[in-house]
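The values are calculated or read from the model by the stated rules, or taken from the named source; none is laboratory data. What you see is a predicted model; the values in this text were computed from it and never measured. Here the Cβ positions follow ideal geometry from the backbone for every residue, glycine too, while neighbour counts run over all protein chains shown.
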Amino acid sequence: MESVLSLQGIVKKYHNHIAVNNISFEVEKGTIFGLLGPNGAGKTSLIRIITRITAADEGTILINGEKLHGLHPEKIGYMPEERGLYKKMKVGEQLIYLAQLKGLPYREAKQKLTAWMKKFDILSWWDKKISDLSKGMQQKVQFIATVVHEPALIILDEPFSGLDPINANLIKDEIFALKEKGTSILFSTHRMEQVEEICEKIILVNKGHKILDGNVQEIKQSFKENLFSVKYQGILDVTAPQTTGYTIMENKNNTLMLKLDSDTSPNMLLKKLMENGLEILHFNEVLPSLNDIFIKQVEQNNE
Amino acid sequence: MSKIWLITQREYLSRVLNKTFILTTLLTPLGFMIFFIVLGFIMNTGSDKVKNIVVADRTGILEGELKSRDNLVFTFSDSPLDQLFLKYEKQEVVGILELSSAPDTMQKKYNVQYYSDDQLGIDEIFSIEKAIGKKVRNFKLKAQNLDENIIASLDTEVTIEPKTIKKEKNITSLTTIVSSVIGGIVGYALFFIILLYGSQVMRSVMEEKINRIIEVLISSVKPFELMMGKVMGVGLVGLTQIGIWIILIPSLFFLGTLIFGIDLNAVPTMPASGAAEEVLNQQDKIIQVLAELKGLNWWKILPLTLIYFFLGYFAYSALFAAVGSAVGEDINEAQSLTMPIMLPLIFAVYIGFSAVQAPDSSLAVYASMTPLLSSIVMPVRLPFDPPVWQIIISLVSLIIFTIFLVWMAGRIYRVGILMYGKKASFKELGKWLFYKD
């Protein structure tokens with residue numbers, strides 16, 4: 001699959017510390033890529049390098065296979081974590097200005113912005129000042145400013161912070177719609193439940209280093225601990241001989257949490273449980289959440 | 001380049017269409033006009049209450065006539081003092097002026113008595129003294145048998161008339177005065193404009209940093225483009241405002257003269273009781289001044305002054321932008337950092353004032369060729385027709401230095417705008433200069 005963004009061996013040093021240490025990853029066309037890490041991990045430094053706000057000390061960045069250059073920012077839409085708009089400017093004027101800075105001609109900018117604002121049902125705000133809008137409303141305006149020039153790559157830094165569930169869903173739907181149209185999205189966050197829901201691939205960074213990367217499902221598989229959850233009817237006899245080959249971690253409300261020994265397969269477990277006289281209602285493998293993996297990995301890394 | 005233009009446009013329009021801008025631009029000249037009208041009013045009116053004063057002239061030197069201020073009405077009486085005191089008690093008069101004995105022709109001093117329990121205003125006393133003085137003078141002239149014209153011819157007005165040897169320009173005694181006034185006004189105006197709009201650039205940079213839009217902006221444009229666009233936009237606002245004032249202030253003065261009938265031009269130097277001759281003299285002078293103004297080499301002065309303004313404005317406002325980028329929210333911090341920018345500016349304006357008095361002093365000459373100072377000092381010297389080589393050295397050095405300063409400011413700016421929570425010191429700013437991108 002072709003990469004929209006490709007980072008190879010990026011290093012960024014500040015005078016007393018290394019913010020980014022040899023990081024490489026690829027964002028493929030039409031995918032949502034998660035850039036994860038705790039605060040101060042180097043996420044913002046990386047994003048600033050991609051948006052050409054700062055330059056890397058070492059490494060190469062390719063956008064659509066070309067080395068990053070001065071015109072590329074027009075192909076990128078960036079929504080920083082710290083949102084900012086001119087408070088005293090009117091919504092419409094401001095959006096047109098920001099779109100023009102991204103290289104859109106006036107007429108086209110106006111047309112596209114009108115369409116976006118209609119979509120978000122905020123066309124009536126065109127002549128309102130930013131300072132008269134609520135924080136959530138400003139967020140919508142900021143989102144439109146990020147995507148209006150139809151960039152190939154959209155970088156969202158904590159896009160849902162400060163949004164109520166309704167607006168968060170609205171933005172989420174738009175992100176998926178953009179992805180369907182072939183836009184690539186680099187999604188930076190430390191909120192893991194969102195990542196699991198949205199991202200296909202991730203990279204986890206801490207203190208400037210890459211800790212792990214790959215497909216979200218594959219990562220979860222590789223960190224699985226043979227845990228299974230079983231919902232049953234009947235009485236479990238723990239003294240029966242069939243209780244070997246697994247350990248019971250928890251038994252609550254007719255739901256078992258079991259850890260299988262390495263030589264026991266799920267089918268063998270099911271058989272044993274059934275032989276034990278249990279009626280199995282529900283059976284599934286429990287994969288670790290990204291949150292658990294994240295915390296574990298970061299803690300290990302910090303040691 | 002087109003992005004710099006976009007930024008310039010926004011900076012310009014968002015300011016010019018702002019209500020505060022429109023109000024201050026229109027109200028300032030109006031304020032000036034009201035100030036001058038009030039001033040004219042104050043200067044023209046003293047006490048307006050009519051005061052009756054009875055004059056007992058025992059000497060006859062007044063010849064039954066005394067004229068001073070309009071509100072003082074003099075009546076002459078030969079009655080003895082005690083009868084006049086009765087009049088005073090009946091409040092028919094506010095006081096009694098008595099010339100009891102004739103002045104001694106050989107004495108400079110002459111005493112006149114004024115009887116009253118109330119004091120006259122200082123202005124009124126002066127004008128009565130002056131009026132009596134004139135009469136006494138006539139009396140003395142007659143007594144000594146002297147001719148007024150001979151006395152007048154004793155006072156000589158000496159004028160040094162400059163003549164050029166090689167230069168073709170026709171220099172008169174007024175040239176220096178007119179050049180000084182023009183130079184002084186230009187110098188002060190430049191100082192004021194650079195300071196006013198330079199600090200606006202600073203505030204605008206701080207605003208972008210505080211409301212965090214900066215990160216969105218510089219992911220679209222280079223910090224340097226943003227800074228230049230801002231400097232240019234604010235500069236154009238300055239030109240617009242000054243342009244409006246240049247048109248508005250004289251027309252308001254003209255209107256004011258028409259409507260209120262106050263001769264505003266006469267306010268600053270009003271001859272107390274101008275003889276017809278003096279008025280003629282003044283008109284003559286105005287014509288001479290106008291001729292002098294016409295005689296100045298405006299084709300050289302105007303464009304050069306504009307160039308100096310632009311260079312000076314760019315150099316200083318780039319520095320202001322750098323400071324704005326470094327401080328963020330704390331305006332106090334900004335004040336200490338702007339000190340080094342203010343110092344050359346203040347020095348320049350003072351050297352400019354001294355250059356008005358001595359345009360060829362070595363201080364003025366060297367300062368007008370020193371970058372940062374020259375953007376104010378050289379325009380002050382321009383009406384005095386400085387040698388071309390000095391202008392060239394001054395311009396070249398200023399251009400080079402301005403480019404250097406703008407470059408330096410850009411380096412500080414690009415780091416400063418993304419730096420939060422770090423206290424900016426000069427040492428820190430120095431380090432930013434050498435940061436890699």
With respect to residue B:118, is the statement that it is in a helix (DSSP H, G or I) and of a type outside the set (Lys, Arg) true? no
Here's a check for you: in segment A:220-244, which residue that is touching a helix residue (DSSP H, G or I) at 6+ places or on another chain (Cβ under 7 Å) and either of a type in the set (Val, Ile, Thr) or at pLDDT below 80 (or both) is surrounded by the fewest Cβ atoms within 10 Å (Cβ to Cβ)? A:242
Residue count, segment A:37-51, condition more than 9 Å from chain B (Cβ to nearest Cβ) and assigned to a loop (DSSP other than H, G, I, E, B), comes to 6
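Filter segment A:94-116 down to the residues that are in a loop (DSSP other than H, G, I, E, B) and within 29 Å of the chain's Cα centre (by Cα), then identify the one that is surrounded by the most Cβ atoms within 10 Å (Cβ to Cβ). Steps first, answer last, please.
To start, the set of residues in segment A:94-116 that are in a loop (DSSP other than H, G, I, E, B) comprises A:102-105.
Retained after the next criterion (residues that are within 29 Å of the chain's Cα centre (by Cα)): A:102-104.
Details: A:102: 25, A:103: 16, A:104: 20.
The selected residue is A:102.
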Residue ID - farthest from residue A:102 (Cα to Cα), chosen from residues in segment B:5-23 that are away from chain A (no Cβ under 11 Å) and touching a residue at least 24 places away in the same chain (Cβ under 8 Å): B:21
Taking the condition among the aromatic types (Phe, Trp, Tyr), more than 14 Å from chain B (Cβ to nearest Cβ) and either touching an Asp or Glu at 6+ places or on another chain (Cβ under 6 Å) or more than 30 Å from residue A:249 (Cβ to Cβ) (or both), does residue A:160 pass? yes
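Where residues in segment A:192-210 are surrounded by 14 or more Cβ atoms within 10 Å (Cβ to Cβ) and out of contact with any Phe, Trp or Tyr (no Cβ under 9 Å at 6 or more places or on another chain), which of them is nearest to residue A:177 (Cα to Cα)? Break it down into steps so the answer makes sense when it comes.
Here is the first cut: in segment A:192-210, the ones surrounded by 14 or more Cβ atoms within 10 Å (Cβ to Cβ) are A:192, A:194-196, A:198-210.
Okay, now just the ones that are also out of contact with any Phe, Trp or Tyr (no Cβ under 9 Å at 6 or more places or on another chain), so A:196, A:205-209.
Working: A:196: 18, A:205: 28, A:206: 31, A:207: 33, A:208: 32, A:209: 32 Å.
Filtering first and then ranking leaves A:196.
Out of segment B:71-94, which residues are under 30 Å from residue B:143 (Cα atoms) and under 52 Å from the mean Cα position of the chain (by Cα)?
B:72, B:73, B:74, B:75, B:76, B:77, listed by residue number.
Within segment A:87-109, work out how many residues are within 8 Å of chain B (Cβ to nearest Cβ) and free of Cβ contacts under 8 Å to residues at least 40 places away in the same chain.
Taking segment A:87-109 as the starting set, the residues that turn out to be within 8 Å of chain B (Cβ to nearest Cβ) are A:87-89, A:97-98, A:100-102.
Pick out the ones that are also free of Cβ contacts under 8 Å to residues at least 40 places away in the same chain and you get A:97, A:100-101.
Selection size over segment A:87-109: 3.
Kindly provide the set of residues from segment A:173-189 that are crowded, with 17+ Cβ neighbours inside 10 Å and either in a loop (DSSP other than H, G, I, E, B) or not hydrophobic (A, V, I, L, M, F, W, C) (or both), ordered by number. Can you show your working first?
First, the residues of segment A:173-189 that are crowded, with 17+ Cβ neighbours inside 10 Å: A:174-175, A:178-179, A:183-189.
Correct list: A:174, A:179, A:183, A:184, A:188, A:189.
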Collect the residues in segment B:224-237 that are surrounded by fewer than 21 Cβ atoms within 10 Å (Cβ to Cβ) and more than 16 Å from residue B:408 (Cα to Cα), keeping them in residue-number order. B:236
Residue that is surrounded by the fewest Cβ atoms within 10 Å (Cβ to Cβ) [pool: residues in segment B:366-382 that are within 22 Å of residue B:299 (Cα to Cα) and not small (Gly, Ala, Ser)]: B:369
For segment A:240-296, how many residues are acidic (Asp, Glu), out of contact with any Leu (no Cβ under 8 Å at 6 or more places or on another chain) and outside any loop (DSSP other than H, G, I, E, B)? 3
Any hit, segment A:1-9, residues being within 11 Å of another protein chain (Cβ to nearest Cβ) and either at pLDDT 85 or above or touching a Cys at 6+ places or on another chain (Cβ under 8 Å) (or both): no
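How about segment B:381-437: which of its residues are within 14 Å of chain A (Cβ to nearest Cβ) and in a helix (DSSP H, G or I)? Walk me through it before giving the result.
Taking segment B:381-437 and keeping what is within 14 Å of chain A (Cβ to nearest Cβ), we get B:411, B:413-422, B:427-428, B:430-437.
Across segment B:381-437, the qualifying residues are B:411, B:413, B:414, B:415, B:416, B:427, B:428, B:430, B:431, B:432, B:433.
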Under 8 Å between Cβ atoms, at least 6 apart or on separate chains: pull out the pairs that start in segment A:123-145 with a residue that is more than 12 Å from chain B (Cβ to nearest Cβ) and end on any residue that is part of a loop (DSSP other than H, G, I, E, B) and surrounded by fewer than 16 Cβ atoms within 10 Å (Cβ to Cβ). A:135/A:162; A:136/A:162; A:136/A:164; A:139/A:162
Pairs with Cβ under 9 Å, 6+ apart, first in segment A:260-285 and surrounded by 14 or more Cβ atoms within 10 Å (Cβ to Cβ), second among the charged types (D, E, K, R) and assigned to a helix (DSSP H, G or I): A:264/A:272
Can you confirm whether residue A:31 is within 30 Å of residue A:300 (Cβ to Cβ) and facing chain B (nearest Cβ under 10 Å)? no
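Residue B:61: under 47 Å from the mean Cα position of the chain (by Cα) and either in contact (Cβ under 8 Å) with a residue 40 or more places away in the chain or at positive phi (or both), yes or no? Steps first, answer last, please.
On the way: under 47 Å from the mean Cα position of the chain (by Cα): yes; either in contact (Cβ under 8 Å) with a residue 40 or more places away in the chain or at positive phi (or both): yes.
Yes.
Checking the condition in contact with a Pro (Cβ under 8 Å, 6 or more places away or on another chain) and among the charged types (D, E, K, R), which residue from A:285, A:279, A:299 passes? Quick ask: steps written out before the conclusion?
Working: A:279 fails: in contact with a Pro (Cβ under 8 Å, 6 or more places away or on another chain); A:299 fails: in contact with a Pro (Cβ under 8 Å, 6 or more places away or on another chain).
Being in contact with a Pro (Cβ under 8 Å, 6 or more places away or on another chain) and among the charged types (D, E, K, R) holds for just one of A:285, A:279, A:299, which is A:285.
Please count how many residues of segment A:52-69 are at the interface with another protein chain (Cβ under 8 Å from one of its Cβ atoms) and either surrounded by fewer than 18 Cβ atoms within 10 Å (Cβ to Cβ) or aromatic (Phe, Trp, Tyr) (or both). Full working, then the answer.
Taking segment A:52-69 and keeping what is at the interface with another protein chain (Cβ under 8 Å from one of its Cβ atoms), we get A:52-55, A:57.
Filter once more, keeping what is either surrounded by fewer than 18 Cβ atoms within 10 Å (Cβ to Cβ) or aromatic (Phe, Trp, Tyr) (or both): A:55, A:57.
Qualifying residue count, segment A:52-69: 2.
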Inter-residue pairs, beta-carbon under 9 Å, first touching a residue at least 12 places away in the same chain (Cβ under 8 Å) and farther than 17 Å from residue A:7 by Cα and in segment A:204-225, second of a type in the set (Asp, Glu) and assigned to a strand (DSSP E or B), 6+ apart: A:219/A:213; A:224/A:285
From the set of residues in segment B:139-166 that are free of Cβ contacts under 8 Å to residues at least 40 places away in the same chain and within 22 Å of residue B:66 (Cβ to Cβ), which is surrounded by the most Cβ atoms within 10 Å (Cβ to Cβ)? B:140
Over segment A:7-51, the set of residues touching a strand residue (DSSP E or B) at 6+ places or on another chain (Cβ under 7 Å), surrounded by 18 or more Cβ atoms within 10 Å (Cβ to Cβ) and charged (D, E, K, R) is A:12, A:26, A:43
Tally up the residues in segment B:201-223 that are part of a helix (DSSP H, G or I), hydrophobic (A, V, I, L, M, F, W, C), within 14 Å of chain A (Cβ to nearest Cβ) and crowded, with 18+ Cβ neighbours inside 10 Å, please. 6
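Check whether at least one residue in segment A:70-86 is within 14 Å of chain B (Cβ to nearest Cβ), closer than 25 Å to residue A:295 by Cβ and within 21 Å of the chain's Cα centre (by Cα), and report yes or no. Lay out the reasoning, then the answer.
Step one: list which residues in segment A:70-86 are within 14 Å of chain B (Cβ to nearest Cβ), which gives A:70-86.
Add one more test, that the residue is closer than 25 Å to residue A:295 by Cβ, and what stays is A:81.
Going one step further and asking which of them are within 21 Å of the chain's Cα centre (by Cα), we end up with A:81.
Within segment A:70-86, one or more residues are within 14 Å of chain B (Cβ to nearest Cβ), closer than 25 Å to residue A:295 by Cβ and within 21 Å of the chain's Cα centre (by Cα).
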Regarding segment A:148-157, can at least one residue be identified that is free of Cβ contacts under 8 Å to residues at least 40 places away in the same chain, more than 9 Å from every other protein chain (Cβ to nearest Cβ), surrounded by fewer than 20 Cβ atoms within 10 Å (Cβ to Cβ) and not small (Gly, Ala, Ser)? yes
